[in-house]
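The values are calculated or read from the model by the stated rules, or taken from the named source; none is laboratory data. Source: prediction; values computed, not measured. When we count neighbours, we look across all protein chains shown, and the Cβ atoms used for this are built from the backbone with ideal geometry, even at glycine. Just the protein is used for accessible areas: all its heavy atoms, side chains included, with ligands, DNA and RNA removed. Shrake-Rupley method; radii C 1.70, N 1.55, O 1.52, S 1.80 Å.
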Amino acid sequence: QAAGLGCLAGGAGGALLAWGTDPVTTLLGVGNIGLYAGLYTHMKPRSEWNTWVGAVVGAVPPVMGWTAAGGSVMDPEAMLLGSALFLWQFPHFFALNFMYRKDYERGGFAMVAVEDPNGDRTASLIKRYAWYLSSLPLLSTALEVTSPMFSVEGILLNAYALKVAYKFDGERSNANARKVFLTSLWYLPCLMMLFLLHSRRWHEELKEEEMEKECVSVLASLEKFIHEIQTKGKELCVHEAIASKEVDVWIGSEKNKTSLDASKCPISLGKAVANTPIIKTEGDKIKLTQDNPTKKATTEES
């Protein structure tokens, strides 16, 4: 009966994907069902590598979402989203596995913590994958998938995740493992929301005339809401707007005018320069003050 229900649900899901999406998304979905029900389930009582196979299963759904929306599996956005879900699962499940290692052992499952009574390997793996996760916001910004602020916020987010990972390494207790697990629960939605808010592609694809139309659908309302948040963020963070190339800013006047672009942005990766201006806003004005107090300039947003 269980096998029959599983085949019925899997077949219906595959048919729904084929009807509503495209062949690539359908293949990913059906293949993922096979990977989970086949190789992953087969490996669970036999090899601790089942966790890595299961992480692949968990990484496929966001890639499916991307391809269903018209993207390619080779797009950097798809790869970054899939990588985020793949890497996130290791701190999440290793912490869970450590807390309930006795139960996993009684159930006959081959897991890392079952063969790691002192938690040495578990702590090492949690730290390692927490560091891998920390690189994604920097990589995303370097690939110009997201704006520079995603890196800044990602550093803060990952700093806390690393803190709890190292705390567990210092004291391998169920309480500290639970902190790693609970952190993973809010970490992922925060990372995905920041990725969305700072996405360059989303912002570039939104047309002003579309935003001015009356929103009648949930999707259109969501797009408008995200656009308003992005716009408000750029009002509060001028260097974000500069890095996004949405504001033309000049230092000086007449013949001495010098364009201020993303290379002058203090948080643009690998583009820091000397005498970076200090930027302040007053209403619709942007004031820029050089390190040299004798050089000042004021400009209006174009």
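Can you pull out the residues in the range 117-137 that are assigned to a helix (DSSP H, G or I) and open to solvent by 70 Å² or more (accessible area, probe 1.4 Å)? Write out each step before concluding.
Just the residues of the range 117-137 that are assigned to a helix (DSSP H, G or I), to begin with: 120-137.
Once the filter is applied, which keeps residues that are assigned to a helix (DSSP H, G or I) and open to solvent by 70 Å² or more (accessible area, probe 1.4 Å), the range 117-137 yields Asp120, Arg121, Arg128, Trp131, Tyr132.
All of (1) within 21 Å of His42 (Cα to Cα); (2) not in a helix (DSSP H, G or I) hold for Leu96 with one exception: (2). Annotation note: of Val164, Val145, the sole residue that is β-branched (Val, Ile, Thr), open to solvent by less than 80 Å² (accessible area, probe 1.4 Å), touching a Leu at 6+ places or on another chain (Cβ under 9 Å) and modelled with pLDDT under 95 is Val145. Sub-7 Å Cβ pairs linking a first residue in the range 151-173 that is hydroxyl-bearing (Ser, Thr, Tyr) to a second residue that is open to solvent by 40 Å² or more (accessible area, probe 1.4 Å), at least 6 apart or interchain, are Ser151/Leu138; Ser151/Leu269; Tyr166/Lys127, ordered by first then second residue.
I need the full set of residues from the range 63-78 which are assigned to a helix (DSSP H, G or I) and either without any contact (Cβ under 8 Å) to a residue 60 or more places away in the chain or out of contact with any helix residue (DSSP H, G or I) (no Cβ under 7 Å at 6 or more places or on another chain) (or both), in order please. Spell out how you get there, then give the answer.
Of the range 63-78, the ones assigned to a helix (DSSP H, G or I) are 63-68, 76-78.
Result: Val63, Met64, Gly65, Trp66, Thr67, Ala68, Pro76, Ala78.
Please go through the range 1-36 and pick out each residue that is in a loop (DSSP other than H, G, I, E, B) and open to solvent by 80 Å² or more (accessible area, probe 1.4 Å). The one that is in a loop (DSSP other than H, G, I, E, B) and open to solvent by 80 Å² or more (accessible area, probe 1.4 Å): Gln1. Report, by residue number, each residue of the range 72-116 that is of a type outside the set (Val, Ile, Thr), open to solvent by 30 Å² or more (accessible area, probe 1.4 Å) and farther than 19 Å from Glu48 by Cβ. Answer for the range 72-116, where residues must be of a type outside the set (Val, Ile, Thr), open to solvent by 30 Å² or more (accessible area, probe 1.4 Å) and farther than 19 Å from Glu48 by Cβ: Ser72, Met74, Asp75, Pro76, Met79, Ser83.
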